[in-house]
Ligand SMILES: Cc1cc2nc3c(=O)[nH]c(=O)nc-3n(C[C@H](O)[C@H](O)[C@H](O)COP(=O)(O)OP(=O)(O)OC[C@H]3O[C@@H](n4cnc5c(N)ncnc54)[C@H](O)[C@@H]3O)c2cc1C
Ligand code: FES
Ligand code: FES
């Protein structure tokens, strides 16, 4: 397959990767774009460590192909800068080894975009998309609750 | 991890097969591309990586995303016609479907998880042919037909056959039609109950077995095949717990 | 100033931005990528391994099979028994055993080349379970004895290599006279089965090795860099100072990343290729690399009618899998811990490691204590109910009191057991209802490892900037946050001024490993001593400068405080050492004293306790039950950082909960792992949490660590499964003695109970 130039935006900047369009997205992001925050664990769409946002929706980048993001806005954890979620994760100790953390932050960002006032049960359901083996989840749920409140508060 | 000729080899996103890409613009092009040896369709793509891990090495990926005719849900008095590319998120939130067959829309909305639901499609769920994926069971209970570009099949047939392009799923409508999906014991055991004025059907499935249709009157699951057991649950348990689920499902439909 | 504060984690900036470097992020110039070919047979002779076609495949730089291991190496590894080959030689012993490795320019090329390797297997009979391996006609898995040794034991304890066919090691412990059984009013014999979990650390095993010019440099996701260095030195017959082990952030381990795994293969490939090599396993390969120990535990317990415990004999068989790995150590712990936190007149334990054709079992959070607590705390409840005594009263009567020696020659327990139990019972709001029940249990293990040495170094610059060198790996537990808090407290400075040096065995002071919940209680003591020594140096220096006795001085924010005087240290230092400044440096060391009276040759550093109370509700139609409430407590002694303590306790408790409810590896009789992939191996998700889930960090204050601290991270896992099984009996009168507590087992037990009472 001849390489193609695939254009999309990555973390707010224009990106153009010349590669085989059937490359898995996680591979392309890590190998061609230096997106170190995209962690690959299961390579099977199960764990969510590689979660990125594609046009605002969460997706396992190990289970997408490069061509599928053509013209899309792709966001990784590197997009977040002093985001209320990061601050809440820090305050609550919502990460330990950190391998799942980028994926959870992106997942939570998508949740709060979809539902700015989620209940605890809604948060738990949404976060059940990804796996964290370290924390036991309560602290992640609490951090998302707090970030949601902070983001709703008038600036 | 896949079984090569002489041992096991683990694959990753870095070892994905180098496949060509066909961005099919219409059904004919997709069908032609899929007829080539080594071709595989891509709907959401959420399960293909699992296929790669299991040793699937397609040489051509056929992107279905441009096939607008495979999207959307049409509801008539006769039936519900669901495009193969409808995602779980779209389907379960579809107003028409929720009005016509709320139990099914609710069940659809429970599959997988929010991250998967945005991308995964009803067609991919069926065609992934994983006993752990549930759409086949739901459609078995509903007596649905699977419409391929090449012809029609039942959900049960798909487990064995190698069809080409799934375009639609057709669920027949009935007077007094009701549906409930009992998923609390998942993944070990799940059961769907479909009832209507003229009868109905239940379907039972496990993590590792093809779903089996059951007569609603079979309260004790007498007809459950002798072989209905996997390494997680026994047939004894499938019958006992299945009977409890069936009774509860019937009761819930009565109450609804 | 620092102790007791929930300071945010020091690794937050890196981990929350995605910038943290894990081993998979290490890239060296010219680095190759390696992949492995694994056995598809559980047990077979290797008649032929032909890699000819792989060697000439595109991109391939090195192929490693049994024919490629250079002469003169010791290509086997293991903790006490060196029985695991880098690549299989004459046989394969489990599905997934490593047969060959290829290093190529890309992983894809390596995979393609591996597929060209031809292997001819001659299938051998498979023993995939403890029973099969112990059967009369079972094949001998290791016809020749591998090199092995038995650690030194103290009073009452013993160990033996290969005491019987397919048993690589046994541990025995005996105290008191077995004749007391004759005096017992009742003797109860029960058998328990413990399931096998996989760690499911999210970061797969990965190492990057550069072995050229007579040196080895290796980056690895490994919990004990120094033992790894020693093992590599032995295997490759190289001096330890020719080997440098570096450990970046580690993405979880829970025990699996101890000792040596696939590092030697990466090193050997790099030697063969003359280029750096990255060997990254996949998550799914983890299932084949290291697991928890399944176990059969038979307990014979003698009691008086009033519930007083008198004697316990235990016979434990651990499924060690294909290679010994840490099994002897786990056997020692399971065998030693099985009496639980109770006072006995006689104890006799035997724990044997049974080799099977399944993945090698090794360290797993709880380390034999989980197996022991499951059986012991189930049986205590069963006995109480049989005697018509409440499970609480039974425990109250027998629990060891604070400071009471666990066994003769052993240290006294340093938690108030009953207080912990009352705490969880007070925190669970149980109201009785039909089919609802309450259960509880006390988890118990010795903590801090056996005879474990640790060293640390603290340096302070002219301006009061602090460097901490210590080998505790940041694996998620928060070592890089909590340990600096100890230093900060002692130096009177802020924890944010402390930089923890990256781990590099050339510079980092020696540490035996990040395991056994030893970070605070063992390494913490070494660090505290180093910090105290530095503080004393600084105060001594200032005292000399000021012509005043050091006792009159205090250190605060890098100022010397004397009464109301507050003198900055920087100028004082430069006046004496010159304008380029100086660093005050000191080392600290800790090791429990060796003691032949102590059963394990040194007294236990501290006791790691977990208390759990669970409430369940049972659905009699399907056998499904829900844990409506779960309260778990651990004793931190003193919580250095309460937020981190909570994180450890919750993560640990949820692992115990998952094991009770559903999480298990399933093997068939042919040794095939049936759910060894991330989709089918079920781990807990956020929605699986009990409706009410609380952990409590107690601070009873009796720990030996800095400021009265103890370790935690394992204790909260121990009691959970037994507490839930006990709650099931309370709810519906059934007793399940096998994990996990599946709905099918519950329904069967309900049926049997009905038949028995009909
Ligand atoms: C982590 C995870 C958890 C999941 N949990 C559940 C669950 O709880 N319940 C459940 O029911 N499902 C579950 N699924 C499955 C999920 O719901 C998806 O339906 C499934 O992953 C495939 O959808 P897809 O559209 O992405 O298919 P793809 O990955 O695009 O395709 C899957 C297969 O179907 C073929 N295919 C796709 N579309 C067509 C077509 N129109 N015609 C012919 N062939 C086609 C492809 O060639 C491929 O072989 C889970 C999946 C994952 C990854
Ligand atoms: S690595 Fe992509 S979901 Fe696990
Ligand atoms: S923090 Fe380690 S997996 Fe979530």
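The values are calculated or read from the model by the stated rules, or taken from the named source; none is laboratory data. Since the model is a prediction, treat every value here as computed from it, not as a measurement. Every residue, glycine as well, gets a Cβ built from its backbone with ideal geometry; the counts of neighbours run over all protein chains shown.
Of the residues that sit in the range A:76-102 and are out of contact with any helix residue (DSSP H, G or I) (no Cβ under 6 Å at 6 or more places or on another chain) and within 16 Å of ligand 2 (Cβ to nearest atom), which one is nearest to residue C:646 (Cα to Cα)? Top of the filtered list is A:97. A count restricted to the range C:101-137 and to residues that are within 23 Å of residue C:355 (Cβ to Cβ) and either in contact with a helix residue (DSSP H, G or I) (Cβ under 6 Å, 6 or more places away or on another chain) or more than 8 Å from chain B (Cβ to nearest Cβ) (or both) stands at 17.
Working only within the range A:52-67, note down all residues that are assigned to a helix (DSSP H, G or I) and either within 11 Å of ligand 1 (Cβ to nearest atom) or farther than 18 Å from residue B:13 by Cα (or both).
Listed by number, the residues that qualify are A:62, A:63.
Just need a number here: residues in the range A:55-75 that are within 16 Å of ligand 2 (Cβ to nearest atom), over 10 Å from the mean Cα position of the chain (by Cα) and more than 11 Å from residue A:25 (Cα to Cα). Looking only at that region, the number is 0. Of all residues in the range B:143-191, those satisfying the criterion of being within 11 Å of ligand 1 (Cβ to nearest atom), closer than 27 Å to residue B:220 by Cα and assigned to a strand (DSSP E or B) are B:181, B:190. From the list C:369, C:321, C:362, C:335, the one residue that fits, being on the phi > 0 side of the Ramachandran plot and buried (at least 24 other Cβ atoms within 10 Å of the Cβ), is C:321. From the list B:79, B:47, the one residue that fits, being farther than 30 Å from residue C:93 by Cα and within 16 Å of the chain's Cα centre (by Cα), is B:47. Considering the conditions (1) surrounded by fewer than 19 Cβ atoms within 10 Å (Cβ to Cβ); (2) away from chain C (no Cβ under 14 Å); (3) assigned to a helix (DSSP H, G or I), residue B:103 is excluded by exactly one of them, (1). Of all residues in the range A:119-131, those satisfying the criterion of being more than 16 Å from ligand 1 (Cβ to nearest atom) and out of contact with any helix residue (DSSP H, G or I) (no Cβ under 6 Å at 6 or more places or on another chain) are A:119, A:120, A:121, A:122.
Within the range B:246-255, does at least one residue satisfy the condition of being surrounded by fewer than 18 Cβ atoms within 10 Å (Cβ to Cβ), within 12 Å of chain C (Cβ to nearest Cβ) and under 30 Å from residue C:672 (Cα atoms)? Checked against the condition, which is being surrounded by fewer than 18 Cβ atoms within 10 Å (Cβ to Cβ), within 12 Å of chain C (Cβ to nearest Cβ) and under 30 Å from residue C:672 (Cα atoms), the range B:246-255 yields no hits at all. When you check residue A:49 against the structure, is it in a loop (DSSP other than H, G, I, E, B) and touching a strand residue (DSSP E or B) at 6+ places or on another chain (Cβ under 9 Å), yes or no? Spelling it out, residue A:49 is indeed in a loop (DSSP other than H, G, I, E, B) and touching a strand residue (DSSP E or B) at 6+ places or on another chain (Cβ under 9 Å).
Taken over the range A:23-55, the criterion of being surrounded by fewer than 24 Cβ atoms within 10 Å (Cβ to Cβ) and closer than 25 Å to residue B:62 by Cα is satisfied by A:30, A:31, A:32, A:53, A:54, A:55. Selection of strands (runs of 3 or more DSSP E) fully inside the range C:87-178 by the criterion of at least 2 residues being under 30 Å from residue C:347 (Cβ atoms) returns C:157-164, C:167-175.
Residues to consider are C:662, C:625; find the one that is away from every other protein chain (no Cβ under 11 Å) and over 29 Å from residue C:408 (Cβ atoms).
Of C:662, C:625, the one residue that is away from every other protein chain (no Cβ under 11 Å) and over 29 Å from residue C:408 (Cβ atoms) is C:625.
Given the criteria more than 17 Å from the chain's Cα centre (by Cα), more than 20 Å from residue A:57 (Cα to Cα) and away from ligand 3 (no atom under 16 Å from the Cβ), does residue A:91 qualify? No; evaluated as a whole, the condition is false for this residue.
Every condition in (1) surrounded by 19 or more Cβ atoms within 10 Å (Cβ to Cβ); (2) touching a residue at least 60 places away in the same chain (Cβ under 8 Å); (3) within 14 Å of chain A (Cβ to nearest Cβ) holds for residue C:721 except the one numbered (3).
Being more than 21 Å from the chain's Cα centre (by Cα) and assigned to a helix (DSSP H, G or I): is that true of residue B:254 here?
So residue B:254 fits the description; yes.
Could you identify the single residue in B:151, B:109, B:164, B:205 that is touching a helix residue (DSSP H, G or I) at 6+ places or on another chain (Cβ under 7 Å), modelled with pLDDT under 95, more than 16 Å from ligand 2 (Cβ to nearest atom) and under 27 Å from residue B:41 (Cβ atoms)?
B:164
Taking the numbered list (1) in contact with a strand residue (DSSP E or B) (Cβ under 7 Å, 6 or more places away or on another chain); (2) modelled with pLDDT of 95 or more in turn, residue C:651 passes all entries but (1). For residue A:133, indicate whether it is more than 16 Å from the chain's Cα centre (by Cα), modelled with pLDDT of 95 or more, facing chain C (nearest Cβ under 9 Å) and within 13 Å of ligand 3 (Cβ to nearest atom). Yes: the conditions hold for residue A:133.
Does residue C:267 qualify as being in the same structural domain as residue C:74 (by TED's automatic domain parsing), farther than 28 Å from residue C:658 by Cα and buried (at least 24 other Cβ atoms within 10 Å of the Cβ)? Answer is yes for this residue. So, in the range A:36-46, of the ones that are at the interface with another protein chain (Cβ under 7 Å from one of its Cβ atoms) and touching a helix residue (DSSP H, G or I) at 6+ places or on another chain (Cβ under 7 Å), which residue ends up farthest from ligand 1 (Cβ to nearest atom)? The selected residue is A:36.
For the range C:507-619, the strands (runs of 3 or more DSSP E) that sit wholly inside it and include 2 or more residues that are in contact with a helix residue (DSSP H, G or I) (Cβ under 8 Å, 6 or more places away or on another chain) and within 30 Å of residue C:428 (Cβ to Cβ) are C:606-618. Just one of the listed residues (A:70, A:114, A:75, A:87) is within 11 Å of chain C (Cβ to nearest Cβ) and within 21 Å of residue A:12 (Cβ to Cβ), namely A:87. Which residue, of B:161, B:175, B:144, is surrounded by 19 or more Cβ atoms within 10 Å (Cβ to Cβ) and free of Cβ contacts under 8 Å to residues at least 40 places away in the same chain? Testing whether each residue is surrounded by 19 or more Cβ atoms within 10 Å (Cβ to Cβ) and free of Cβ contacts under 8 Å to residues at least 40 places away in the same chain leaves just B:144. Restricting attention to the range C:1-9, does a residue exist that is on the phi > 0 side of the Ramachandran plot, assigned to a loop (DSSP other than H, G, I, E, B), surrounded by 18 or more Cβ atoms within 10 Å (Cβ to Cβ) and not assigned by TED's automatic domain parsing to the domain that holds residue C:492? No: the range C:1-9 contains no residue that is on the phi > 0 side of the Ramachandran plot, assigned to a loop (DSSP other than H, G, I, E, B), surrounded by 18 or more Cβ atoms within 10 Å (Cβ to Cβ) and not assigned by TED's automatic domain parsing to the domain that holds residue C:492.
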